[in-house]
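The values are calculated or read from the model by the stated rules, or taken from the named source; none is laboratory data. Keep in mind it's a predicted model, so treat the numbers as computed, not measured. Glycine gets a Cβ as well: all are built from the backbone with ideal geometry, and neighbour counts include every protein chain shown. The area values use the complete protein model at the heavy-atom level, side chains included, leaving out ligands, DNA and RNA. Shrake-Rupley method; radii C 1.70, N 1.55, O 1.52, S 1.80 Å.
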Amino acid sequence: MTTTTPPWTAFTVAPLCMALYGVIRLTDSTHGPGLAWSVGHLALLASVVAFVALMWALRRWARAGRGAAARWFADAAAVAGLLGAAAAATQTVIDLVVGFLCADREAMDVLFEEVRSHAGVTPAVYTIGPLLFYVGLVLLAVQLAAIRRIALWRPLVVIAGIAVAAMSLDLLPLAGLLLLLALAPLDRQRRLALPDAARG
């Protein structure tokens, strides 16, 4: 029996929403507050949520039919990625709330500084925490390539997308498209490759 995979899965939605946020951000010359700030960050939040589902699916694929060490590695990578996603989502929600509360960019900057002044917020939400998202995604992609469930070029393109995003937020549209290239076809490939009991 053939399983039809809907085209709009997390594997497509996550990178597309990232690219959409990047495009909207480029149209927002003041970078908040206002409609562009809010809509853009809602798109970013949708991207983060979709990436959570995507990484959980990659974890299942990496674990299926493998030994204890491979299952442990997939679990650890997924946990790192999900912790990073939680940090990114928290940062995005903070941005949305600050944009809603403030009348101009100067007021936003003051409120951002107040938020960052609390102990642990900067590393957890703005620096170290979000990095775990990328670490988890890369580790899962590399593991799947190592066990020959995806092509070797896919994790390389994932790394390229992350590197482009790290270079400049202005390059987020390109980063999203690179991640789309690497990830969008994988949901169908995963469903075709796994037995029904392992699909979840």
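Condition check ((1) over 21 Å from A145 (Cβ atoms); (2) in contact with a Lys or Arg (Cβ under 8 Å, 6 or more places away or on another chain); (3) without any contact (Cβ under 8 Å) to a residue 24 or more places away in the chain; (4) assigned to a loop (DSSP other than H, G, I, E, B)) across all residues:
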position: V52; (1), (2), (3), (4): yes, no, no, no
position: M55; (1), (2), (3), (4): no, no, no, no
position: W61; (1), (2), (3), (4): no, yes, no, no
position: D75; (1), (2), (3), (4): no, yes, yes, no
position: A80; (1), (2), (3), (4): no, no, no, no
position: A85; (1), (2), (3), (4): yes, no, no, no
position: T90; (1), (2), (3), (4): yes, no, no, no
position: V93; (1), (2), (3), (4): yes, no, no, no
position: F100; (1), (2), (3), (4): yes, no, no, no
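Scanning segment 123-182 for residues being touching a Lys or Arg at 6+ places or on another chain (Cβ under 8 Å), more than 19 Å from A77 (Cβ to Cβ) and open to solvent by less than 50 Å² (accessible area, probe 1.4 Å) gives a total of 2. Going through (1) part of a loop (DSSP other than H, G, I, E, B); (2) open to solvent by 60 Å² or more (accessible area, probe 1.4 Å); (3) in contact (Cβ under 8 Å) with a residue 12 or more places away in the chain one by one, G32 falls short only on (2).
Evaluation of A57 against the conditions (1) within 17 Å of P173 (Cα to Cα); (2) hydrophobic (A, V, I, L, M, F, W, C); (3) out of contact with any Cys (no Cβ under 8 Å at 6 or more places or on another chain) shows that the sole unmet condition is (1).
The single residue among A119, A103, A68, A88 that is exposed (fewer than 13 other Cβ atoms within 10 Å of the Cβ) and under 20 Å from L42 (Cα atoms) turns out to be A103.
Looking only at residues that are more than 14 Å from the chain's Cα centre (by Cα) and among the hydrophobic types (A, V, I, L, M, F, W, C) in segment 36-60, which one is surrounded by the most Cβ atoms within 10 Å (Cβ to Cβ)? Full working, then the answer.
Quick first cut of segment 36-60, residues more than 14 Å from the chain's Cα centre (by Cα) only: 36-40, 59-60.
Cutting the leftovers down to among the hydrophobic types (A, V, I, L, M, F, W, C) gives us 36-37, 39.
Values: A36: 18, W37: 23, V39: 15.
Restricting to residues being more than 14 Å from the chain's Cα centre (by Cα) and among the hydrophobic types (A, V, I, L, M, F, W, C), the top hit is W37.
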